[in-house]
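A short worksheet on the structure shown next.
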Amino acid sequence: MKRDFMRPQVMAILNVTPDSFYEGSRKQDSETIRERVRETVAQGASMIDVGGYSSRPGADEVSPEEEWRRVRLGVGIVREVAPRITVSVDTFRAEVARRAVEEFGELVINDISAGELDPEMIPEVARMGVPYIAMHMKGNPKTMQSQTDYESDITSEVLEYFRDKCASLLTAGIRRENLILDPGFGFAKTLEQNYELLGGLHRLCETGYPVLAGLSRKSMIYKLLGTTPKEALAGTVALDWECLRQGATILRVHDVREAVDSVRLFEMFQKQTK
């Protein structure tokens with residue numbers, strides 16, 4: 001899979017779940033999934049991220065079989081409707097990652113735990129030779145928001161985490177060109193810590209790895225503004241621009257058209273101000 005993850009682009013969220021935090025992103029039957037895929041492709045997404053396990057704070061457990069059923073449905077429809085688009089599978093389970101690649105060919109694996117929740121994930125990804133998104137999180141979706149204590153400033157700690165993590169991933173056999181980093185906005189971070197991390201995002205981008213920014217409609221926006229996820233689009237667009245400005249190259253979003261417009265405007269701005 002030859003993809004330029006260093007080029008600014010948009011990853012569309014496709015949640016095949018009943019309980020993801022943003023109601024508008026939940027797609028559980030074949031027809032609504034199909035409509036979502038057509039829409040995101042028409043609006044300019046270059047990647048579609050399929051998830052079958054909600055990672056919102058306090059999310060309920062989902063069995064591996066049920067997660068696989070959802071992922072298989074979602075990826076199958078993406079392959080049918082848009083066979084050439086890059087597909088990522090949002091899972092921390094090696095079994096789900098393996099089954100997805102075996103059935104659908106090369107995919108990107110998007111792991112919220114960077115291999116911390118399933119010891120088989122890293123060896124499996126290395127064996128399959130697929131691109132891998134490693135995200136910073138402490139604990140798991142049920143416990144992460146009780147684990148927001150950091151010994152130093154959060155940006156330095158996240159940066160140190162990725163220095164160690166990338167070294168171990170490379171040692172395990174994952175190729176450098178296949179690694180993408182995600183600072184994990186909203187995962188084991190307070191509202192204030194999210195903004196502190198956002199302010200230092202350029203430090204992570206300076207490592208030379210592609211950086212994914214996933215803050216679409218999250219609580220760091222709507223709680224600060226006293227609104228709801230449904231009303232968090234404008235805030236998402238504003239913060240996505242800041243992520244691009246600091247060097248992030250993948251925007252993981254619910255609202256594709258607005259993010260694609262942001263990328264186009266940013267690239268023009270960058271071109272004219274160099």
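The values are calculated or read from the model by the stated rules, or taken from the named source; none is laboratory data. Here the structure is a predicted model, which is why all the values come from computation and not from measurement. When we count neighbours, we look across all protein chains shown, and the Cβ atoms used for this are built from the backbone with ideal geometry, even at glycine. Just so you know, the surface numbers come from the protein's heavy atoms only, side chains and all, with ligands and any DNA or RNA stripped out. Shrake-Rupley method; radii C 1.70, N 1.55, O 1.52, S 1.80 Å.
Below are the figures for this structure:
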{"item": "Leading residue by the ranking (modelled with the lowest pLDDT) among those in the stretch 33-67 that are hydrophobic (A, V, I, L, M, F, W, C) and in contact with a Phe, Trp or Tyr (Cβ under 8 Å, 6 or more places away or on another chain)", "result": "Ala59"}
{"item": "Residue in the stretch 241-260 that is more than 18 Å from the chain's Cα centre (by Cα) and over 21 Å from Gln193 (Cβ atoms) present", "result": "no"}
{"item": "Pair list, Cβ < 9 Å and 6+ apart or interchain, from the stretch 146-164 residues that are without any contact (Cβ under 8 Å) to a residue 60 or more places away in the chain to residues that are surrounded by fewer than 18 Cβ atoms within 10 Å (Cβ to Cβ) and basic (Lys, Arg)", "result": "Thr155/Arg203; Ser156/Arg203; Val158/Arg203; Leu159/Arg203"}
{"item": "Enumeration of residues in the stretch 213-230 that are in a helix (DSSP H, G or I) and open to solvent by 20 Å² or more (accessible area, probe 1.4 Å)", "result": "Ser219, Tyr222, Lys223, Leu224, Leu225, Pro229, Lys230"}
{"item": "Candidates Leu251, Leu265, Leu244 - the one that is assigned to a helix (DSSP H, G or I) and open to solvent by less than 80 Å² (accessible area, probe 1.4 Å)", "result": "Leu244"}
{"item": "Entirely in the stretch 84-197, the helices (runs of 4 or more DSSP H) that have 1 or more residues that are more than 23 Å from Ile221 (Cα to Cα), touching a Gly at 6+ places or on another chain (Cβ under 6 Å) and open to solvent by 10 Å² or more (accessible area, probe 1.4 Å)", "result": "121-128"}
{"item": "Any hit, the stretch 231-240, residues being modelled with pLDDT of 95 or more, acidic (Asp, Glu) and in a loop (DSSP other than H, G, I, E, B)", "result": "no"}
{"item": "Residue in the stretch 68-91 that is more than 20 Å from Arg3 (Cβ to Cβ) and touching a Phe, Trp or Tyr at 6+ places or on another chain (Cβ under 6 Å) present", "result": "no"}
{"item": "Selection within the stretch 196-224 - over 18 Å from the mean Cα position of the chain (by Cα) and either at pLDDT below 95 or not small (Gly, Ala, Ser) (or both)", "result": "Glu196, Arg203, Glu206, Thr207, Tyr222, Lys223, Leu224"}
{"item": "The one condition in (1) surrounded by fewer than 17 Cβ atoms within 10 Å (Cβ to Cβ); (2) farther than 20 Å from Ile180 by Cβ; (3) at pLDDT 95 or above that Thr273 fails to fulfil", "result": "(3)"}
{"item": "Residues of the stretch 38-48 that turn out to be more than 17 Å from the chain's Cα centre (by Cα) and of a type outside the set (S, T, N, Q), as a count", "result": "5"}
{"item": "Selection status of Val158, of a type in the set (A, V, I, L, M) and out of contact with any His (no Cβ under 6 Å at 6 or more places or on another chain)", "result": "no"}
{"item": "Failed item, numbered, when Tyr209 is tested on (1) in contact with a strand residue (DSSP E or B) (Cβ under 7 Å, 6 or more places away or on another chain); (2) among the aromatic types (Phe, Trp, Tyr); (3) assigned to a helix (DSSP H, G or I)", "result": "(3)"}
{"item": "Neighbours by Cβ (under 9 Å, 6+ apart or cross-chain): first from the stretch 257-273, within 19 Å of Ala12 (Cβ to Cβ); second assigned to a helix (DSSP H, G or I) and open to solvent by 100 Å² or more (accessible area, probe 1.4 Å)", "result": "Phe266/Arg245"}
{"item": "Output for the stretch 62-79, where each listed residue is without any contact (Cβ under 8 Å) to a residue 40 or more places away in the chain and either within 16 Å of Ser30 (Cβ to Cβ) or surrounded by fewer than 17 Cβ atoms within 10 Å (Cβ to Cβ) (or both)", "result": "Ser63, Pro64, Glu65, Glu66, Arg69, Arg72, Val75, Gly76, Arg79"}
